[in-house]
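Asks: Below: one structure in structure tokens.
No lab work stands behind these numbers, since they all come straight from the coordinates. Treat the numbers as computed from the prediction; the structure is a model and nothing was measured. Note that we place each Cβ from the backbone using ideal geometry, even for glycine, and neighbour counts take in every protein chain shown.
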Amino acid sequence: MDELTIDDLFDDLADAAGDADVPPPPPRWRSAPFLYPYRDWEWSLDELADGNTWDNTRFTKPQIHDLVTLLRLDEVEYNAGVKPEPVLACCVLLRRLAFSCRWCDLQVLFGRPASWLFAVFTCVIQNLHETFGYLLDWHPHLRSYRRLHDFANAVKKRCYARVWGFLDGHFEEMARPLYRQRDVYSGHSKADSLKHQGVVAPNGVVYFFEGPFEGKKNDWAMWSESRAI
């Protein structure tokens, strides 16, 4: 018995319907047009004005080149068939983290599709987490009691307190979720959120970072559940 195909099925339906108009079979694959059109162009950091570079990334051009070396972005392994220049990958990362924006908004800036930018950003973030993630758990500098003593003396000169760091939380507001909304709702701020908590030393460096926590938890609850104690 011959195998019945989609075209044979529509032919049989057409014969059964007689003169009735039968729509043709739908194509098996159709390329959807870009919802947000953009102009494909070769992006270059050198062609950007110094003011535009600072406004978009919060870094200057020399600082961006230094970050590429310090963050080892030339060692990032990409997937999904993308392989950007390290400077371009660094700028995509900095621009995405500098301001809240949609991927389609960055298409105009970098001349690349949103899927390409998302793949680059994800690969860079994963590489940074695997390479430097341990620094956010507990910075190696805090293993030196001499450094902690210097921090405590610096604080004592200002407020006469024997502490070496300051605990602070970060409130990140979010859209109302469909499920478990009570867990992320903060009664104090009257908004849905996720929270993070970190320890900042007198030199301005965040030596410990933990999260995310549910929005309903206060600073003491987050500190009690953190890995710092």
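Asks: For the residues T57, T131, what sequence is obtained by ranking on other C-beta atoms within 10 Å, fewest first?
Replies: Lowest count first: T131, T57.
Asks: Let me ask something else. Across the stretch 218-226, in residue order, what do the Karplus-derived ³J(HN,Hα) couplings come to in whole Hz, using 6.51 cos²θ - 1.76 cosθ + 1.60 with θ = phi - 60° and x for Gly and Pro?
Replies: 8, 5, 5, 5, 5, 5, 5, 9, 6
Asks: Under 27 Å from the Cα of K83, which lysines turn up, not counting those fewer than eight places away in the same chain?
Replies: In chain and number order, the partners are K61.
Asks: In sequence order, what are the phi-derived ³J(HN,Hα) couplings for the stretch 92-105 according to the Karplus relation 6.51 cos²θ - 1.76 cosθ + 1.60 with θ = phi - 60°, rounded to whole Hz, with x for glycine and proline?
Replies: 4, 5, 5, 5, 5, 7, 6, 9, 6, 7, 8, 5, 5, 5
Asks: E225 label point, 7 Å along Cα→Cβ, cut-off 11 Å on backbone N: hits in the stretch 166-196?
Replies: Counting backbone N atoms under 11 Å from the label point, the list is 183-184, 195-196.
Asks: Starting from the Cα-Cα distance between K156 and V108, subtract it from 0.36 nm times their residue separation and give me the gain in nm to one decimal.
Replies: 12.2 nm
Asks: Another question, then. Beyond 16 Å, what share of the Cα-Cα pairs of the stretch 145-185 remains, rounded to the nearest whole percent?
Replies: 58 percent
Asks: I've got another one for you. Hey, what did the stretch 144-229 get for relative contact order, percent, Cα under 8 Å, at least 6 apart?
Replies: 24 percent
Asks: Taking the Cα centre of each part, how many Å lie between the stretch 204-229 and the stretch 69-145?
Replies: Using only Cα atoms, the two centres lie 24 Å from each other.
Asks: Under a cut-off of 21 Å between alpha-carbon atoms, report the lysines in cross-link reach of K216, not counting same-chain residues fewer than 8 places apart.
Replies: K216 reaches K190, K195.
Asks: Kindly identify the stretch 135-225 as rounded, prolate or oblate by the Cα gyration tensor criterion: order the square roots of the eigenvalues as a ≥ b ≥ c, call it rounded if a/c is under 1.5, otherwise compare a/b with b/c, prolate if a/b is larger, else oblate.
Replies: Prolate shape, in that a/c is at least 1.5 and a/b is the bigger ratio.
Asks: With each pseudo-label sitting 7 Å past Cα toward Cβ, what's the T122-M174 distance in nm, one decimal?
Replies: 1.8 nm
Asks: Then there's this: If amide hydrogens are placed 1.01 Å from N in the peptide plane, which non-local residues have theirs closer than 5 Å to the one on S186?
Replies: A191, D192, S193
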